[in-house]
Amino acid sequence: MKKRRLLSLVLAAVMALSLLTGCQGGGTNNSGSGDGSGTEAETLGSGTLNLVYSEDIDTLNPHMERSSADAEIIWSVGGVLYRIAPGTDTPYEIVPEYADGKPEMADEEGLVWRIKVRDDAKWADGSALTANDFAYSLKMLYDPLLLNAPGTTLDEYGVYIVNSTEYMTQAADGTTVAWEDVGVKVTDDNALELTLEKAASASQVEMAFSSCITVPVKEELYEAGMSEDKSETNYGSSWDKFASSGPFMITGWTKDAEISMVRNPNYPLQDGISLAGITYKIVPEAGTQLQLFESGQIDMVSLSEADLEQYGEDPRILVVPGGGVLCIGLDIINTENPILQNQKFRQALFFGTNRAEAAKLGSNVPADYFITEAYIIDMETGTPYRDLDVAKSYIDTENYSYDPELAKQLFEEALQETGQTSATLEILYQDSSESRKSVCEYLQSSWQNLFGTDKLTVTLQAVPSQQLSERYRSHTENPNAFEAGVIQSTYNFLDPASALMEWNMNATRKKIPYYDEEFTAAYDAAVALPMEDVEGRAEMIAQAESIMLEDAPFVPVAQTISNVLISERVTLPYTTYNSVLRYAWPWAQVQ
């Protein structure tokens, strides 16, 4: 397959200091009736950061977070065993937060790990926070009745807890697995003991338990919010139904208006955090947001394409690269439209995509790969995977893999091999996204013009986001669930291999039915290597991604770029956007 081009040098520079992925938990809040600690917390720190969202967050429940807004709030007000924080001599560092030191390997194979919880750990209300709280939280994360979507997230870090998947899926498959059979135990010395299916390193365990899905939930509040059949809980649906445990604590949440938080006096890592609090205003209208920014009422605002004409040279602009590539996923097992099973047809779409033109439809950059520059391969230096020579070796440095003549040749060969004189393709996209609609309309027009309107007919269908996701994943029961559709996913930015995890043969809840033995072998070889083996992992990740791009189960198109204005009164820990810590708001300073 032709070599593929990397993102622009501008984006490469922006992401050169990118850190690692996942939302970290941090923060703390009152229990159900409030604990009065908010007044005390207001005396800590200096200055309040004023931020904005276009829509209210959905939940404070770490087991149910669905959006970057949810994750950002939970990240600020939920404690974790380990926190990824801005480093001093390195771009970032992993520090024990509620863990009392590094994970301890309790066997010789790396299958059993113990994490001692600090004996002085407290919730924001002052009550003891123990290993039992972390164990209960994992139990609820994997609960078979609650069906929490992030339940497999720890897999992204290479931490496969024994029987966790079996416990979580037993309601659906009819098996019976007791919680006692899951590899999560609490020892007498207030430690969490984990038994894993595959060997892991200490750094993998630390990263896994820096994820916001491992933020502890308070049992009495979680249980009090349970429905009668135990299939759902209202934990985190309002600020008084949530317990904080990290650098900040929720002090109020008025739906569709404002979320406020102040410093948590019981947070164990006070050093390095200077803010007294953070307030998020909910303002749907972009124009109103810009007015609030200019009047000094909020400290950041996203710019539209039109706004860039006025603010394009403003030194306050921070460029924010998207973490995932917008792709057109293909149902390569479809029997009603069998040409989708033909590799040359899929490659024709790949080489027939003018990504440079498609990227002009919004604040995008062309992308003909899947692993973006947000993914870090070297944790010591913060080096993005895409900066390595091996990652560039299969990238087209000329035209982002756009080769119309090759595309037309492959298309004609595909028709001949399938005995067809023409082909059709239906593309699904999220009905709430105008930008994705525009990209799909461009592909519809450009592909039909390239291959001939008499030979290729492309139709589009808008589908509600949740229905679209379920329609993709229903291919396991119905091979004709869809033909093609927009997908865009992000994984663990600390590990480029995680971006490929969904596509290996053993992965569950796939969006696209890609099952390839050669790809899976390369992926398995990559994740089997320790993360410290940068060269070895990079080699196998490159092999796996190049195999998948050759098979073309999806067509990568573009990566989103956003432009954000940051108030001059705010000093961030980094001069460029950080893919792992995002804006790193908890470590910001305000004048």
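For D229, only one of the following conditions fails: (1) assigned to a loop (DSSP other than H, G, I, E, B); (2) in contact with a helix residue (DSSP H, G or I) (Cβ under 7 Å, 6 or more places away or on another chain); (3) surrounded by fewer than 23 Cβ atoms within 10 Å (Cβ to Cβ). What is its number? It is condition (2) that D229 fails.
Give me a count of the residues in the stretch 305-328 that are under 28 Å from V555 (Cβ atoms) and buried (at least 16 other Cβ atoms within 10 Å of the Cβ). Counting residues in the stretch 305-328 that are under 28 Å from V555 (Cβ atoms) and buried (at least 16 other Cβ atoms within 10 Å of the Cβ) gives 10.
Candidates in the stretch 369-410 are the residues that are under 27 Å from F345 (Cα atoms) and of a type in the set (D, E, K, R); of these, the one that is surrounded by the fewest Cβ atoms within 10 Å (Cβ to Cβ) is E405. Please state which one of I371, I395 is out of contact with any Pro (no Cβ under 7 Å at 6 or more places or on another chain) and under 18 Å from A552 (Cβ atoms). Only one candidate qualifies: I395. The sole residue among I541, I487 that is touching a Pro at 6+ places or on another chain (Cβ under 6 Å) and hydrophobic (A, V, I, L, M, F, W, C) is I541.
Yes/no per residue for (1) in contact (Cβ under 8 Å) with a residue 60 or more places away in the chain; (2) touching a strand residue (DSSP E or B) at 6+ places or on another chain (Cβ under 7 Å); (3) surrounded by fewer than 21 Cβ atoms within 10 Å (Cβ to Cβ); (4) of a type outside the set (F, W, Y):
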residue	(1), (2), (3), (4)
A542	yes, no, no, yes
P556	yes, yes, no, yes
N563	yes, yes, yes, yes
P573	yes, yes, yes, yes
W587	yes, yes, yes, no
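For the residues L154, L147, the requirement of being among the hydrophobic types (A, V, I, L, M, F, W, C) and at positive phi singles out L147. In the set E206, E193, only one residue is in contact (Cβ under 8 Å) with a residue 60 or more places away in the chain, under 30 Å from D495 (Cα atoms) and in a helix (DSSP H, G or I); that residue is E206. For the stretch 555-591, filtering for residues that are part of a strand (DSSP E or B), over 30 Å from F370 (Cβ atoms) and among the polar types (S, T, N, Q) leaves 2.
Residues being hydroxyl-bearing (S, T, Y) and over 25 Å from the mean Cα position of the chain (by Cα) are entirely absent from the stretch 154-173. Here V77 meets the list (1) modelled with pLDDT of 95 or more; (2) farther than 19 Å from I278 by Cα; (3) of a type in the set (V, I, T) almost entirely, failing just condition (2).
Could you list, in sequence order, all residues of the stretch 496-522 that are part of a helix (DSSP H, G or I), farther than 12 Å from I371 by Cβ and either touching a Leu at 6+ places or on another chain (Cβ under 8 Å) or of a type outside the set (D, E) (or both)? Residues satisfying the conditions are F519, T520, A521, A522. Summed over the stretch 453-483, residues that are β-branched (V, I, T) and part of a helix (DSSP H, G or I) total 1. Reported count of residues in the stretch 185-200, each being within 28 Å of the chain's Cα centre (by Cα) and among the polar types (S, T, N, Q), is 1. Any residue that is assigned to a strand (DSSP E or B), assigned by TED's automatic domain parsing to the domain that holds S201 and either at pLDDT below 65 or surrounded by 20 or more Cβ atoms within 10 Å (Cβ to Cβ) (or both) - is there at least one of those in the stretch 19-39? Scanning the stretch 19-39 turns up at least one residue that is assigned to a strand (DSSP E or B), assigned by TED's automatic domain parsing to the domain that holds S201 and either at pLDDT below 65 or surrounded by 20 or more Cβ atoms within 10 Å (Cβ to Cβ) (or both).
Filter the stretch 138-181 for residues that are buried (at least 19 other Cβ atoms within 10 Å of the Cβ), in a helix (DSSP H, G or I) and small (G, A, S) and give the result. Correct list: G151, S164. Being in contact with a Phe, Trp or Tyr (Cβ under 7 Å, 6 or more places away or on another chain), at pLDDT 95 or above and among the hydrophobic types (A, V, I, L, M, F, W, C), is that true of even one residue in the stretch 372-390? So far as the stretch 372-390 goes, no, none of its residues is in contact with a Phe, Trp or Tyr (Cβ under 7 Å, 6 or more places away or on another chain), at pLDDT 95 or above and among the hydrophobic types (A, V, I, L, M, F, W, C).
Among the candidates A85, A135, A124, the residue that is assigned to a loop (DSSP other than H, G, I, E, B) and either crowded, with 22+ Cβ neighbours inside 10 Å or modelled with pLDDT of 95 or more (or both) is uniquely A124. Contact annotation: residue pairs with Cβ atoms under 8 Å, 6 or more positions apart or on different chains, pairing a residue in the stretch 372-391 that is closer than 19 Å to C327 by Cβ and small (G, A, S) with a partner that is modelled with pLDDT of 90 or more and surrounded by fewer than 24 Cβ atoms within 10 Å (Cβ to Cβ), are A391/A538; A391/A542. Only residues that are under 30 Å from S54 (Cβ atoms) and either surrounded by fewer than 18 Cβ atoms within 10 Å (Cβ to Cβ) or out of contact with any strand residue (DSSP E or B) (no Cβ under 9 Å at 6 or more places or on another chain) (or both) were counted in the stretch 88-116, giving 0.
Taking each residue of the stretch 410-434 that is farther than 22 Å from A462 by Cβ and looking for partners that are surrounded by fewer than 16 Cβ atoms within 10 Å (Cβ to Cβ) and at pLDDT below 95 with beta-carbon atoms closer than 9 Å, six or more apart or interchain, yields nothing. Just one of the listed residues (S498, S435, S465) is buried (at least 18 other Cβ atoms within 10 Å of the Cβ) and hydroxyl-bearing (S, T, Y), and it is S498.
Among the numbered conditions (1) within 28 Å of the chain's Cα centre (by Cα); (2) within 20 Å of A552 (Cα to Cα), the only one that T418 does not meet is (1).
The values are calculated or read from the model by the stated rules, or taken from the named source; none is laboratory data. For clarity, every value in this text was computed on a predicted model and none was experimentally measured. In this analysis, Cβ positions are derived from the backbone assuming ideal geometry, glycine residues included, and neighbour counts consider all displayed protein chains.
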